[in-house]
């Protein structure tokens, strides 16, 4: 052993030899099957933590990814909805109804001129892209506002429990 070094208190041998440390025996008694489940949470460890800061850049990235995912869902949903309405003949029934109400057979009405697949798909893309920008900016601003409020008030206290 070198001069000035102390042996590791967890080992039973010197610094130059390897020792096996036996596991520490758990003094707690094993729970009996008759114990109710209400007593189990009392023995669980708890940690009370305070959320004092949110990193705005991570909020920005997360909000962007979630907004893009919502954009994809919206585009797919609108496309499927339009195709189902087209396959079931709803557009034709709307055209027939409007033509009979207007009773003008010379200038036939076609709903797909106004709600065609391309126009509806483009409108969905445009509104979804605007939503991505707005949601990302709002989430980032909310993170900054939370950080300001947390500096003044201390943040949100959260209790975690080990099951």
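One line per residue, one yes/no per condition, for (1) at pLDDT below 90; (2) closer than 29 Å to residue 141 by Cα; (3) out of contact with any strand residue (DSSP E or B) (no Cβ under 8 Å at 6 or more places or on another chain):
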{"site": "26", "(1), (2), (3)": "yes, no, yes"}
{"site": "40", "(1), (2), (3)": "yes, no, yes"}
{"site": "54", "(1), (2), (3)": "no, yes, yes"}
{"site": "61", "(1), (2), (3)": "no, yes, yes"}
{"site": "83", "(1), (2), (3)": "no, no, yes"}
{"site": "102", "(1), (2), (3)": "yes, no, yes"}
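Residues checked against (1) assigned to a helix (DSSP H, G or I); (2) at pLDDT 90 or above:
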| site | (1), (2) |
| --- | --- |
| 92 | yes, no |
| 99 | yes, no |
| 106 | no, no |
| 115 | no, no |
| 119 | yes, yes |
| 129 | yes, yes |
| 138 | yes, yes |
| 141 | yes, yes |
| 148 | yes, yes |
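The values are calculated or read from the model by the stated rules, or taken from the named source; none is laboratory data. Only a predicted model underlies this, so the values are computations on that prediction, with no experimental measurement involved. Glycine gets a Cβ as well: all are built from the backbone with ideal geometry, and neighbour counts include every protein chain shown.
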